[in-house]
Structure formats: structure tokens, C-alpha cells
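Visitor: Encoded as C-alpha cells, here's the structure I'll be asking about.
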Amino acid sequence: MIKVLDRLLLFLYSLAIGIASIVAIIAASGGFSESWLMDVVSDFTGDVKVVQGSVIGVAILVMLISVRFFIVSIRRDGNSAPSITQRTEHGDIRISVETVENLALKAASRTRGVKDLRARVRVSEAGLGILIRAFVDGEGSIPTMSEEMQRTVSQQIEEATGIPVAEVSVFIANVTQAPTSFKSRVE
């Protein structure tokens, strides 16, 4: 809710500053007559109380929005890293998504024949959705290797974090080529 409010305030602030900039450019380039500008200035300074009150109100509003954006810009947000929160009888436990990704990579690397692993974690109501991207050496059965990797990753994540794993998807990106070694024959 706060982020939506900040976005709305930023839109209004940008609109007000944009209009003020356009008026300043037109006034500086001689787009308004001098007598009209003098009338506007005299209205601002108190000749017309309604205009003076409106100007003061808008100025206060723009100043408050400026203060809000200043505070938001210097405040350090402790929740910047995406995390998963678990409630226990002793309190909350927060585990970063990066930690879960590293645990998934560690578990997937135990599978024989996989190389160059990458992991992505999605958090949903059903549990964690984990995508493992891997290169394989092509020596073994890809379906068998993938099932073993899914089982290992799921078990390791659930044991280490206590968070249920809804699915582990494995994407085999390619087969790596082992460098061929040639033996020279002596005749």
C-alpha cells in the first residue's frame, strides 16, 4: 500500500514540477506579457486572498512530498533482499532466497555428470518452486540424472530449511564436450 502511495505521490510531484518548469521556460523566454506577470505576482502576494491561499496550500503540499521523497531516499530498507519467513514457537526465521538457491546448487552438484549449474527459486503458497539449469556430460541417462537431481534437491532443501518444496524443474541446457586427448604413437 505504501509503495502505491509513493508512486502516486511521485507522479503528482513530477507533474507539478513539469508544469512549473514549462511556465518558467515560457516566462523566461518572454511568452507572457509584463503586465500579466505583474498581476499574477500581485495576486500571489496578497491582493486576492483566494489565490494567495491556493498558492500557499500547493507550495506546502509540494514541500511535504519533497520531504517524503527525501526521507525515502536516505532510509535504509532492511527488507531489500527477498527472503522467506517461517514462524516458529520461538519467533520468526528469515531465510534469503539466495541462501535457498545456494543450497539447491550444492545439492544438485552431488549428482554425477552435471556441470555448470544455475538455480532460481520462486516462492508460492504451495511451497518453493526451484528451477535448476544444468549442462551434462552426456555419459549417463538424462532422465535418470534429472530425477536424481530433483529428489536430492527437494530432500536437501526441505531438511535444511523446513520449507516444503512444491516442485523442482530441471532444464538441461546442453551437453558439454570433454576435451579429447590424442595419444601419439611411436613407430
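Visitor: If the Cβ limit is 7 Å and pairs must be 6+ apart or interchain, which residue in segment 161-172 that is at pLDDT below 95 pairs with which residue that is of a type in the set (Lys, Arg)?
Guide: From residues that are at pLDDT below 95, the pairs are Phe171/Arg133.
Visitor: Now a separate question. When you go through Ile157, Ile130 one by one, which is the residue that is in contact with a strand residue (DSSP E or B) (Cβ under 8 Å, 6 or more places away or on another chain), in a strand (DSSP E or B) and not aromatic (Phe, Trp, Tyr)?
Guide: On inspection, the qualifying residue turns out to be Ile130.
Visitor: With respect to Gln150, determine if the residue is within 20 Å of Ser83 (Cβ to Cβ), surrounded by 13 or more Cβ atoms within 10 Å (Cβ to Cβ) and within 30 Å of the chain's Cα centre (by Cα).
Guide: The answer is no for Gln150.
Visitor: Please work out which one of (1) loosely packed, with under 10 Cβ neighbours inside 10 Å; (2) on the phi < 0 side of the Ramachandran plot is the condition Gly30 fails and give its number.
Guide: (2)
Visitor: Which of (1) without any contact (Cβ under 8 Å) to a residue 40 or more places away in the chain; (2) hydrophobic (A, V, I, L, M, F, W, C); (3) in a helix (DSSP H, G or I) is the odd one out, the single condition Phe32 does not satisfy?
Guide: That leaves (3) as the condition not met.
Visitor: Checking the condition modelled with pLDDT of 85 or more and surrounded by fewer than 11 Cβ atoms within 10 Å (Cβ to Cβ), which residue from Ile17, Ile71, Ile2, Ile60 passes?
Guide: Selected residue: Ile60, the only one of Ile17, Ile71, Ile2, Ile60 that is modelled with pLDDT of 85 or more and surrounded by fewer than 11 Cβ atoms within 10 Å (Cβ to Cβ).
Visitor: What residue, of Val40, Val4, Val72, is touching a residue at least 40 places away in the same chain (Cβ under 8 Å) and in a helix (DSSP H, G or I)?
Guide: Exactly one of Val40, Val4, Val72 is touching a residue at least 40 places away in the same chain (Cβ under 8 Å) and in a helix (DSSP H, G or I), namely Val72.
Visitor: Hey, another quick one. Taking the conditions exactly as written (surrounded by 12 or more Cβ atoms within 10 Å (Cβ to Cβ), in a loop (DSSP other than H, G, I, E, B) and polar (S, T, N, Q)), does Thr111 satisfy them or not?
Guide: yes
Visitor: Here's another thing I want to ask about it. State all residues of segment 126-147 that are free of Cβ contacts under 8 Å to residues at least 40 places away in the same chain and surrounded by fewer than 16 Cβ atoms within 10 Å (Cβ to Cβ); if no residue qualifies, say none.
Guide: Gly138, Glu139, Gly140, Ser141, Ile142, Pro143, Thr144, Glu147, listed by residue number.
The values are calculated or read from the model by the stated rules, or taken from the named source; none is laboratory data. Here the structure is a predicted model, which is why all the values come from computation and not from measurement. Positions of Cβ are backbone-derived with ideal geometry, glycine not excepted, and every protein chain shown enters the neighbour counts.
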